[in-house]
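Visitor: This structure is in structure tokens; I'll ask about it shortly.
The values are calculated or read from the model by the stated rules, or taken from the named source; none is laboratory data. In this text the structure is predicted, and so the values were computed from the model without any measurement. Note that we place each Cβ from the backbone using ideal geometry, even for glycine, and neighbour counts take in every protein chain shown.
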């Protein structure tokens, strides 16, 4: 056994010498190597390459991040390693070596022993990874019983201790529960525990926290960060979020259109990026200190190429600001080393010609003029669904031209509020005043076309926001006709074109069906539809959360641009504080149906914080190496809204909880500056003495 | 594309229905009605072959169904013997009597089996398609109402469908046809009673899923009428599974109608009908020599049902592929 292992390690060494590029750390063989890996999917019109010429060295105990936007091939790599490509997918070139053995040649029993044993995978949706008809205990016990032929009692003891190690409180009760009885965050901890139970040497994580709330995500990320230290497991962490990769990984590969474009240590790549795409990604992400006026986002122009029709030469060429015709599009670009000691390499021909330290061209900044009169006034608004108190005493207002962000995690009541505002449901008490008209109990069917027109909504899911059965143009035209903006058919057609111009889409999109559009384009149509009738207030319900980073920036800028021009009030519902920081003028932080804190954006992002705001801020993954942040981890999960805690609703998770006060009495609202209000029992001095969450790190 | 298809189907189905249901009222010139349907069937077949060329299953199904459709619309123009006129009894297939060729033989009363088979597909097709369509209008309407409106509406349509579903299908047919009398129109009612609840369940489920989509909320927030939302926003998006189910259900309905006429319920003699032919031939078919009287109509009905089922299979396969 020992002998065989040594032999295979030697073979791995040979392979690396043959490949001859990656750095070799003395006496340490990589646990996983991908050598010139290429994967294709069989399509109707021939093979479509999904991954091209991919190389990876993963050392024992190392965490490697794989980042890129949707469709860049990052999940395909994980599936290829697991040999789960399915019928259509095929490795067309290269090798995958796991501990020196070629995974691609393995079949049957050999492969089964590796899958789930030596290599374990964790997916995005925890509920889909758990068997809903078995108790969690039974599912956990199976793992050591199957892989190590362990007895039931020993296996149960192992499972229980593993639950403690993934920091699950109350392991006994959890073992007896069924998956649907525990929360999403707990489910993902169980999935991680299950993967770790077989003592894997390699863990593949495919967007493991995407389905979770930010404060829950922060806990899981903290757990993942410690896995390699505690268990010695190597990790391949797949994510679209650069911030999460910074928090969990040692090394990173940036993927674009099936190719690795830049690879290196996280610190090396994030601080000294050497590929225009990586740089573009950073420029399109908001950072915690900047807002729309001081540092506008710069989006990457264009869209990723279709895998069927990649451009010649550099795939990023058509979107690149440094594109040199005749060179960049001449031949496929290979990886060139930048810092051999660090293993930093980039797939860019002009890597030595670009002034990387010069700041990227700034976007066009502007200043926000003062806001106009109050257009929307919400006063003491409450809504209960049977036992669930979804909105409880909401009070805030929004001025003309202002962007007010409503921030909170699932169950905080932000969607209920949006539905009340839009007239889909009615409030129980309180009032909403829109330019003198009381809306809280006025269903949409009884609102006049004028009222409906002045209050429009942009929806969350771009893949759902347009009716797949009708053309884009007919859907915009329907809004114009229904809201009575225009009546004459030729005028309606003209306005459809005007709106397409407004959201910067070609006019021939009017004839297209939604399935022919990308996510960002669909969301632009959603914006066009909302602005069809010159609305006074637009409610945007997480309009960016399903979009890729580079597309997010473009849609954000579009939204700001239109809003400035039209003087629209924007109610921006989101859970992403970095976007909120960037976009909004004022912030309302909600938790379980109540407002915890509200104030101007700069006030909310600086101390004094509400303890929940502090935790939310600390949970935001920040990719930018110039910022360090304080660690604040919340215990437990968001309680069910059907049985909210007495007193302060945040009291069950609050690290500053005052026992005997916070869990009994509702908190008083303390006013700090004009319009900055915090609902908290903590003494004023203690709130004022809080330290900032973000700090600019000294480089 | 869709509107062209609708016109084509109307061009086939309306004349055929009028011809079969009101032949006596139309008199001798009735067969001119079928003239526009003949090219329509051919165009329909070509369209079907073109759009389903990726699935040989669906193409085979389309071939079978279009063959019978073509037989139905061209029956008056084909050189066939009179299907209702007794000539020579018990001629085995291929036999020639008095200079007349009986390609598929003649039945107990001396009528030509080939001619009765060709004419017989008219009734099966017309009543089958009509009954299924009516069941679909009722079932899909109820399903949309139950799924989208929810609440008391849902309770009501769900309860009604549960009551109807609690009857065994045959009992329901016999009950309806005995209560209302035996006629083609009452077969439509019987088929609707048995199929609509199932269709309602399918559509209701699809509507419940589609209802939570953002585009439905978008329609609600601009104050659209529920009827608009159901018909314009919801219905087109649930059509895929419905069309597949409709093809399968056409097969079931064909079986049901044939079974009913075999049992002597529903469509009445003397006009030829496959179920009727099987019934009339059943006694003679005890002798192997005369089994063609049952085998020919039975194979015909099987091939038509197979055609519908293959189309359904092929469409499902193609919808899964993209």
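Visitor: Give the residue that is surrounded by the most Cβ atoms within 10 Å (Cβ to Cβ), with candidates limited to residues of segment A:435-459 that are closer than 14 Å to residue B:217 by Cβ, touching a strand residue (DSSP E or B) at 6+ places or on another chain (Cβ under 9 Å) and facing chain B (nearest Cβ under 7 Å).
Guide: So, considering only residues that are closer than 14 Å to residue B:217 by Cβ, touching a strand residue (DSSP E or B) at 6+ places or on another chain (Cβ under 9 Å) and facing chain B (nearest Cβ under 7 Å), the one surrounded by the most Cβ atoms within 10 Å (Cβ to Cβ) is A:457.
Visitor: Residues that are within 14 Å of chain A (Cβ to nearest Cβ), at least 1 per element: which helices (runs of 4 or more DSSP H) completely within segment B:159-241 meet that?
Guide: Values: elements: B:169-180, B:184-211, B:214-221.
So the answer is B:184-211, B:214-221.
Visitor: Criterion first (in contact with a helix residue (DSSP H, G or I) (Cβ under 6 Å, 6 or more places away or on another chain) and not in a strand (DSSP E or B)) does residue A:579 satisfy it? It would help to see each step written out before you state the result.
Guide: Values: in contact with a helix residue (DSSP H, G or I) (Cβ under 6 Å, 6 or more places away or on another chain): no; not in a strand (DSSP E or B): yes.
No, not satisfied.
Visitor: Just one of the numbered conditions (1) assigned to a loop (DSSP other than H, G, I, E, B); (2) buried (at least 17 other Cβ atoms within 10 Å of the Cβ) is not true of residue A:327; which one?
Guide: (2)
Visitor: So, residue A:517, is that one under 16 Å from the mean Cα position of the chain (by Cα) and free of Cβ contacts under 8 Å to residues at least 60 places away in the same chain or not? Steps first, answer last, please.
Guide: On the way: under 16 Å from the mean Cα position of the chain (by Cα): no; free of Cβ contacts under 8 Å to residues at least 60 places away in the same chain: yes.
No, not satisfied.
Visitor: Restricting attention to segment A:254-268, does a residue exist that is over 18 Å from the mean Cα position of the chain (by Cα), buried (at least 20 other Cβ atoms within 10 Å of the Cβ) and in a loop (DSSP other than H, G, I, E, B)? Break it down stepwise before answering.
Guide: Going residue by residue through segment A:254-268, those that are over 18 Å from the mean Cα position of the chain (by Cα) are A:257-268.
Among the residues that remain, those that are also buried (at least 20 other Cβ atoms within 10 Å of the Cβ) are: A:257-264, A:266, A:268.
Filter again for in a loop (DSSP other than H, G, I, E, B), leaving A:257-258.
Yes, that holds for at least one residue.
Visitor: Can I ask one more? Can you tell me how many residues within segment A:143-200 are part of a helix (DSSP H, G or I) and more than 27 Å from the chain's Cα centre (by Cα)? Explain how you work it out, then say what you get.
Guide: Taking segment A:143-200 and keeping what is part of a helix (DSSP H, G or I), we get A:143-148, A:152-165, A:171-176, A:179-181, A:184-197.
Okay, now just the ones that are also more than 27 Å from the chain's Cα centre (by Cα), so A:143-148, A:152-162, A:164, A:171-176, A:197.
Residues that pass the stated criteria total 25.
Visitor: Something else: Here are A:313, A:343: which of them is touching a residue at least 24 places away in the same chain (Cβ under 8 Å), on the phi > 0 side of the Ramachandran plot, more than 21 Å from the chain's Cα centre (by Cα) and surrounded by fewer than 21 Cβ atoms within 10 Å (Cβ to Cβ)? So that I can check it myself, show each step before the final result.
Guide: Working: A:313 fails: touching a residue at least 24 places away in the same chain (Cβ under 8 Å).
Criteria check complete, one pass: A:343.
Visitor: Here is a follow-up. Inside segment A:528-546, can you point out the residues that are within 14 Å of chain B (Cβ to nearest Cβ) and either buried (at least 24 other Cβ atoms within 10 Å of the Cβ) or under 21 Å from the mean Cα position of the chain (by Cα) (or both)?
Guide: Of all residues in segment A:528-546, those within 14 Å of chain B (Cβ to nearest Cβ) come to A:528-533, A:535, A:537-543, A:545-546.
A:528, A:529, A:530, A:532, A:538, A:539, A:540, A:541, A:542, A:543, A:545, A:546 - these are the residues of segment A:528-546 that are within 14 Å of chain B (Cβ to nearest Cβ) and either buried (at least 24 other Cβ atoms within 10 Å of the Cβ) or under 21 Å from the mean Cα position of the chain (by Cα) (or both).
Visitor: Within segment A:491-508, can one find any residue that is surrounded by fewer than 18 Cβ atoms within 10 Å (Cβ to Cβ) and closer than 14 Å to residue B:222 by Cβ?
Guide: No: zero hits.
Visitor: What pairs can you find where one residue is in segment B:78-99 and more than 9 Å from residue B:111 (Cα to Cα), the other is loosely packed, with under 13 Cβ neighbours inside 10 Å, and their Cβ atoms are less than 7 Å apart, with a gap of 6+ or different chains?
Guide: Cβ pairs passing all conditions: B:92/B:289.
Visitor: Looking at (1) assigned to a helix (DSSP H, G or I); (2) within 14 Å of chain A (Cβ to nearest Cβ), can you tell me which one residue B:245 breaks?
Guide: All conditions are met except number (2).
Visitor: Under the condition of being at positive phi and surrounded by fewer than 21 Cβ atoms within 10 Å (Cβ to Cβ), which residue from segment A:43-89 is modelled with the highest pLDDT?
Guide: A:53
Visitor: What is the residue count in segment A:216-233 for residues that are touching a strand residue (DSSP E or B) at 6+ places or on another chain (Cβ under 6 Å) and either surrounded by fewer than 16 Cβ atoms within 10 Å (Cβ to Cβ) or modelled with pLDDT under 80 (or both)? Spell out the reasoning first.
Guide: Of the residues in segment A:216-233, the ones touching a strand residue (DSSP E or B) at 6+ places or on another chain (Cβ under 6 Å) are A:228, A:233.
Right, trim to either surrounded by fewer than 16 Cβ atoms within 10 Å (Cβ to Cβ) or modelled with pLDDT under 80 (or both) and you get A:228.
Number of matching residues: 1.
Visitor: Another question, if that's okay. If residue A:212 passes every condition in (1) outside any helix (DSSP H, G or I); (2) free of Cβ contacts under 8 Å to residues at least 40 places away in the same chain; (3) under 22 Å from residue A:141 (Cα atoms) but one, which one does it miss?
Guide: For residue A:212, the failing item is (3).
Visitor: Take residue A:477 and decide whether it is more than 9 Å from chain B (Cβ to nearest Cβ), modelled with pLDDT of 90 or more and either in a loop (DSSP other than H, G, I, E, B) or closer than 29 Å to residue A:374 by Cβ (or both). Quick ask: steps written out before the conclusion?
Guide: Numbers: more than 9 Å from chain B (Cβ to nearest Cβ): yes; modelled with pLDDT of 90 or more: yes; either in a loop (DSSP other than H, G, I, E, B) or closer than 29 Å to residue A:374 by Cβ (or both): no.
Against the criterion (more than 9 Å from chain B (Cβ to nearest Cβ), modelled with pLDDT of 90 or more and either in a loop (DSSP other than H, G, I, E, B) or closer than 29 Å to residue A:374 by Cβ (or both)), residue A:477 does not qualify.
To keep it simple, each residue is scored yes or no on (1) touching a helix residue (DSSP H, G or I) at 6+ places or on another chain (Cβ under 9 Å); (2) crowded, with 18+ Cβ neighbours inside 10 Å; (3) closer than 17 Å to residue B:20 by Cα; (4) at pLDDT 85 or above.
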position	(1), (2), (3), (4)
B:68	yes, yes, yes, yes
B:89	no, no, no, no
B:97	no, no, no, no
B:132	yes, yes, yes, yes
B:136	yes, yes, no, yes
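Visitor: Here is a follow-up. Please specify each residue of segment B:7-35 satisfying the condition of being within 14 Å of residue B:70 (Cβ to Cβ) and either touching a strand residue (DSSP E or B) at 6+ places or on another chain (Cβ under 9 Å) or surrounded by fewer than 17 Cβ atoms within 10 Å (Cβ to Cβ) (or both).
Guide: Once the filter is applied, which keeps residues that are within 14 Å of residue B:70 (Cβ to Cβ) and either touching a strand residue (DSSP E or B) at 6+ places or on another chain (Cβ under 9 Å) or surrounded by fewer than 17 Cβ atoms within 10 Å (Cβ to Cβ) (or both), segment B:7-35 yields only B:35.
Visitor: Restricting to segment A:485-514, give me the number of residues that are under 25 Å from residue A:455 (Cβ atoms), part of a helix (DSSP H, G or I), more than 32 Å from the chain's Cα centre (by Cα) and free of Cβ contacts under 8 Å to residues at least 12 places away in the same chain.
Guide: Adding up the residues that qualify gives 3.
Visitor: Applying the selection to segment A:145-168, what residues are under 30 Å from residue A:218 (Cβ atoms) and either in contact with a strand residue (DSSP E or B) (Cβ under 7 Å, 6 or more places away or on another chain) or in contact (Cβ under 8 Å) with a residue 40 or more places away in the chain (or both)?
Guide: If the condition is that a residue be under 30 Å from residue A:218 (Cβ atoms) and either in contact with a strand residue (DSSP E or B) (Cβ under 7 Å, 6 or more places away or on another chain) or in contact (Cβ under 8 Å) with a residue 40 or more places away in the chain (or both), then A:165, A:166, A:167 are the ones that fit.
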